[in-house]
Amino acid sequence: MDRNEVIIRVGGAAGEGVQSAGLIIAKVFSRNGLHTLTYNYYQSIIRGGQSWYQIRASKNPVKSQGDDLDILIALNRDALERHTNPRINEGGASPLKGIAIYDSSIGNFDRHEGIKYCEIPLSQIAQKYSKNTLLKNTVAIGAVFGHLAMDFEILAGVIRDQFGGKGQIAELNVDAARDGYNYFAEKYGKADKVLNTSKTRYYLISGGESAGLGAVRNGLKAYFGYPMTPASSIIHYLASHSKSFDVFVKITEDEISAITMAIGANYTGIRAMTGSSGGGFALMTEAVGMAAEMEIPIVIYEAQRAGPSTGLPTKTEQGDLLQVIGASQGDFPKAVFSPRNVKETYYMAGEALNIAEKYQMPVFLMVDLYLAEHYETVDGFDLESDIERGEFAKGDEKDYRRYEFTADGISMRALPGTKNLMHNEDSDEHDEKGDVVSDAVTDPEIRNRIMEKRMRKMETYMKELTPTPTYRMDDAEYAVILWGSTQGVVEEAVDILRNKGIKAGAIEVNKPFPVNPDIKNLVKGKKKVIFVENNYTGQLRRIISSEIQVTGTLVRKYDGECFYPGALASELEKAIKE
Amino acid sequence: MAITMADYKGTVKADWCPGCGNYAQLTAIPMALSQLGISPDNAVIVSGIGCSSNMPEYMRAYGFHGIHGRSLPAAQAIKWANKDLTVVAYGGDGDGFNEGTQHFYHCARRNSDITYIVSDNQIFGLTTGQASPTSRIGMKTKTTPDGNIEPPINPLSMALSAGATFVAREFSGDVRHMQETIKKGIQHKGFAFIDVFSPCVTYNKDNTYDFFRERVYRLEDEKHDTTDLIAAFKKAGEWGDRIPTGILYQREAATISDVDPTLKENLIRSPIKKLVPEDIEEFL
Ligand SMILES: Cc1ncc(C[n+]2csc(CCOP(=O)(O)OP(=O)(O)O)c2C)c(N)n1
Ligand code: SF4
Ligand SMILES: [Mg+2]
């Protein structure tokens, strides 16, 4: 008999190689043509604590990390007890029903019904290859694939890539994995269901990497930033590729500098970006308004983590929407994007650069820890760029005005270095030419006209706002509104409800601001509207209800963890029946 | 055609108080730029907020009049993005040594190839006369009615300790001398910092033209070795009856643009990366 899907969790302490083991397993699946998605549960410590890595792989597209655990690798006793105990229910997923792989040295522990306990001398085998027990996670990975009876050579290839080729360390790891593979097969036999694989190879990539790659595709030339989880994955990716991509990456003294540099670079005429998490973004706030007033394009990658303040640095949340929309004093045009998955992040990064330049305004690319850091398979990317930059003056324009009062609100830029078009770009209020009107005599009429000119850009932008995507909405009686990274889990919860005969559908907001009025039509006639948000106050609901008067019940989560499909489906059902 | 001072003449008339030190810099900067043959279309004047920071409004060049304290990050990035441009950052002592302190320090350590001129009037001018980070102890201002109790910072020794490769001081009472130093600063490869005593005739009754005239002397008139860092620190600390002006310190060093491989070519002109399948192979 075949099976289509497997969910594996690797549990252990920080420093035990949980994450690297998880990534190796995920890559073996993606190279076997399986759709794969991972989730990393960790704390901000370098050693100790409890972390785990969940990998879900399937012949069919996977949208979330999933619920039902099939295989557990427990690297220590705590992990073994935690992830098998039905009462603990770590992370919201259902407790293990399948096999548990653990080290013989663990000793006594509580056993639970329905689990096949597969003890393996992981440390002992590991010590064959190195003095310490560091390789025990590799032995355990081998055991997993021995159990699944998958081609060992693909695993060996992934391990070699992970350890940089065919060196001695790589081969030691391959041998350790082989021992685990054989040991499991001999002692416990293969799984009775074989996982369906295929010859396809998928790309396995995180949201942070995807944002960086997507920006490079559309002409990114410089990235300025200051490390802060979970906005670091994009910096790490771009920094390690800066030479091959010819992208200048600068780690600055602070986030104020990062955004101001990015604005300076955009002013000069190259595409530059900055990014941070909520705390660092708070520091950027004043410069956001500066870019808007001076009409200089800027794209800000904002990766949310659980706040307030330092909050939960390694935990996910969608708690920064109001901060981003409200950032900086005064009214000005802006756009906020919230890509729903890794692939969309790639395209939206490029689109953000286009919109920022066309409209000469701030554009935010909002992700969260879940999206920035989890890995997902993608079948491919369109590598061809689709750059739209708007108009630039060349130097022979008569009577050039930097902030010309145009019908669409967009005025032609003249980059420094352009012959004859010297002008001043000012954070003080100014007239069409850029001359300041704020000092000495403030001119109310000019002020109104330039304010209206800037805000007209928003009206123009609204005309090209893409329709809000939906899922199973055609015949839906209940509308679930989500934004950003919760797409996958909400869709799976919708499917669960549908299987129970409840006609639910999802409205998937990937451009939360300006609010798309089409949402009003989408909810028309629905029996109930439910917002799903990874925050306390329902920030999207607050924005949508104030802008277009659509509101509904809130299903929320603010414990720092992402939603899980089964639990979410139950909550939605409860909300529907209320 | 030769570039002249007139090429830099803006259409907006400066509205600083009559006698304000900034007028001297409004002469010295265009003089220096034009004498070096730099065309206004290739010059960018970047500033923050303050009376002094209004400078770009009054010059005919590319102006970037940003927010309080943030001229240096913008100025550096403009230079990195297009190294053909001549970038001069200009602003006040509050702008540069309060809000912008961290940028000042890091800009110096990076040796970013820009010129930074501070109109140091030892007061907040624009906000109508509050103590600044360079106000002397005891100075009475609106925010220090009983006299300032915080010792002033020393911008010159701060720049030196940050590793600045060109450190100078000037006085608005001597435009010619200032203009020569600005020229040398612009020609200097790397970060050139020039602190200018620029009297605020309205709000600073302590550090007036007369105050400085009585005290300043020119370093080149003495046997000062501009390559000697220790000597430069000593001169930076000199305050009282005699206050030095001119170049305190200068040395050759690589700039970020020399060292960072992605800046070897001019970013504004280097071709945009075209992604090819090999670029995403690592994810397979
Ligand atoms: C973030 C911020 N804080 C405060 C101000 C108010 N402000 C404007 S200029 C200034 C100080 C000006 O002093 P200085 O930089 O020495 O310039 P000067 O006017 O003396 O040339 C202050 C506090 C501001 N514009 N922005
Ligand atoms: S207040 Fe002082 S610094 Fe400002 S313009 Fe007047 S004299 Fe100059
Ligand atoms: Mg001042």
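The values are calculated or read from the model by the stated rules, or taken from the named source; none is laboratory data. All figures in this text were calculated on a predicted structure; none of them were measured in a lab. All Cβ positions, glycine included, derive from the backbone under ideal geometry; neighbour counts span all protein chains shown. Accessible surface is based on the protein model in full, side chains and every heavy atom, while ligands, DNA and RNA are left aside. Shrake-Rupley method; radii C 1.70, N 1.55, O 1.52, S 1.80 Å.
The table below gives the values:
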| item | result |
| --- | --- |
| B:Pro145 being more than 16 Å from the chain's Cα centre (by Cα), away from ligand 2 (no atom under 16 Å from the Cβ), more than 14 Å from chain A (Cβ to nearest Cβ) and not aliphatic (A, V, I, L, M) | yes |
| Only one of A:Gly189, A:Gly165, A:Gly214 that is buried (at least 18 other Cβ atoms within 10 Å of the Cβ) and not acidic (Asp, Glu) | A:Gly214 |
| Conditions (1) under 30 Å from A:Arg305 (Cβ atoms); (2) open to solvent by 10 Å² or more (accessible area, probe 1.4 Å); number of the one not met by A:Thr345 | (2) |
| Count of region B:1-33 residues which are open to solvent by 10 Å² or more (accessible area, probe 1.4 Å) and either under 25 Å from B:Lys205 (Cβ atoms) or not in a loop (DSSP other than H, G, I, E, B) (or both) | 16 |
| Every pair of residues 6+ apart whose Cβ atoms lie under 8 Å, when the first sits in region B:2-24 and is touching a residue at least 24 places away in the same chain (Cβ under 8 Å) while the second is of a type in the set (Ser, Thr, Tyr) and open to solvent by 70 Å² or more (accessible area, probe 1.4 Å) | B:Ala14/B:Tyr23; B:Trp16/B:Tyr23 |
| Failed item, numbered, when A:Arg111 is tested on (1) open to solvent by less than 20 Å² (accessible area, probe 1.4 Å); (2) over 24 Å from A:Asn32 (Cα atoms) | (1) |
| Any hit, region B:151-158, residues being within 14 Å of ligand 2 (Cβ to nearest atom) and either among the polar types (S, T, N, Q) or closer than 27 Å to B:Met5 by Cα (or both) | no |
| Members of region A:326-339 found to be surrounded by fewer than 19 Cβ atoms within 10 Å (Cβ to Cβ) and in contact (Cβ under 8 Å) with a residue 24 or more places away in the chain, listed by number | A:Ser328, A:Gln329, A:Gly330, A:Asp331 |
| Subset of region B:100-113 [within 16 Å of ligand 1 (Cβ to nearest atom) and either under 13 Å from the mean Cα position of the chain (by Cα) or surrounded by 21 or more Cβ atoms within 10 Å (Cβ to Cβ) (or both)] | B:Gly100, B:Thr101, B:His103, B:Phe104 |
| From the options A:Glu452, A:Glu432, A:Glu425, residue that is of a type outside the set (S, T, N, Q), at pLDDT 95 or above and open to solvent by 60 Å² or more (accessible area, probe 1.4 Å) | A:Glu452 |
| Matching residues in region B:86-125 - criterion: being within 16 Å of ligand 2 (Cβ to nearest atom) and in contact (Cβ under 8 Å) with a residue 60 or more places away in the chain | B:Tyr90, B:Asp93, B:Phe97, B:Ile117, B:Val118, B:Ser119, B:Asp120, B:Asn121, B:Gln122, B:Ile123, B:Phe124, B:Gly125 |
| Tally of residues being within 16 Å of ligand 3 (Cβ to nearest atom), among the aliphatic types (A, V, I, L, M) and either over 21 Å from B:Lys142 (Cα atoms) or more than 14 Å from chain A (Cβ to nearest Cβ) (or both) across region B:77-131 | 5 |
| Residues that are farther than 20 Å from A:Gly488 by Cβ and not in a loop (DSSP other than H, G, I, E, B), drawn from region A:528-538 | A:Lys528, A:Val529 |
| Hits in region A:260-271 (condition: more than 7 Å from chain B (Cβ to nearest Cβ) and not in a helix (DSSP H, G or I)) | A:Arg271 |
| Considering residues of region B:197-214 that are away from ligand 3 (no atom under 13 Å from the Cβ) and open to solvent by 60 Å² or more (accessible area, probe 1.4 Å) only, the residue nearest to the other protein chains (Cβ to nearest Cβ) | B:Lys205 |
| Sole exception among (1) hydrophobic (A, V, I, L, M, F, W, C); (2) under 18 Å from A:Met348 (Cα atoms); (3) in contact with a Lys or Arg (Cβ under 9 Å, 6 or more places away or on another chain) for A:Met273, by number | (3) |
| Residue under evaluation B:Arg136, criteria (1) more than 16 Å from ligand 3 (Cβ to nearest atom); (2) open to solvent by 10 Å² or more (accessible area, probe 1.4 Å); (3) in contact (Cβ under 8 Å) with a residue 40 or more places away in the chain, criterion not met | (1) |
| When residues of region A:402-419 are limited to those that are within 13 Å of another protein chain (Cβ to nearest Cβ) and among the charged types (D, E, K, R), the one nearest to A:Ala57 (Cα to Cα) | A:Arg413 |
| Test: A:Glu397 is surrounded by fewer than 18 Cβ atoms within 10 Å (Cβ to Cβ), of a type in the set (D, E, K, R) and touching a residue at least 12 places away in the same chain (Cβ under 8 Å) | yes |
| Positions within region B:165-183 being more than 19 Å from B:Pro155 (Cα to Cα) and not aliphatic (A, V, I, L, M), in sequence order | B:Gly173, B:Asp174, B:Arg176, B:His177, B:Gln179, B:Glu180, B:Lys183 |
| Verdict on A:Val139 being open to solvent by less than 20 Å² (accessible area, probe 1.4 Å) and either in contact (Cβ under 8 Å) with a residue 60 or more places away in the chain or farther than 20 Å from A:Ser105 by Cβ (or both) | no |
| Output for region A:376-388, where each listed residue is within 11 Å of chain B (Cβ to nearest Cβ) and either more than 16 Å from B:Leu275 (Cα to Cα) or not hydroxyl-bearing (Ser, Thr, Tyr) (or both) | A:Glu376, A:Thr377, A:Val378, A:Gly380, A:Phe381, A:Asp382, A:Leu383, A:Glu384, A:Ile387 |
| Test: B:Ser71 is touching a residue at least 12 places away in the same chain (Cβ under 8 Å), open to solvent by less than 10 Å² (accessible area, probe 1.4 Å), within 16 Å of ligand 2 (Cβ to nearest atom) and within 21 Å of B:Ala108 (Cα to Cα) | no |
| Any hit, region B:57-64, residues being within 13 Å of ligand 1 (Cβ to nearest atom) and open to solvent by less than 10 Å² (accessible area, probe 1.4 Å) | no |
| Spans of strands (runs of 3 or more DSSP E) in region A:419-527 with at least 2 residues under 24 Å from A:Ser210 (Cβ atoms) | A:478-483, A:504-509 |
| Qualifying residues in region A:24-54 (those that are open to solvent by 20 Å² or more (accessible area, probe 1.4 Å) and over 24 Å from A:Ile106 (Cβ atoms)) - the one modelled with the lowest pLDDT | A:Ser44 |
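Residue-by-condition table, conditions (1) aromatic (Phe, Trp, Tyr); (2) open to solvent by less than 10 Å² (accessible area, probe 1.4 Å); (3) over 19 Å from A:Pro512 (Cβ atoms); (4) within 18 Å of the chain's Cα centre (by Cα):
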{"position": "A:Gly278", "(1), (2), (3), (4)": "no, no, no, yes"}
{"position": "A:Glu293", "(1), (2), (3), (4)": "no, no, yes, no"}
{"position": "A:Ile296", "(1), (2), (3), (4)": "no, yes, yes, no"}
{"position": "A:Val299", "(1), (2), (3), (4)": "no, yes, no, yes"}
{"position": "A:Leu312", "(1), (2), (3), (4)": "no, no, yes, yes"}
{"position": "A:Leu322", "(1), (2), (3), (4)": "no, no, no, no"}
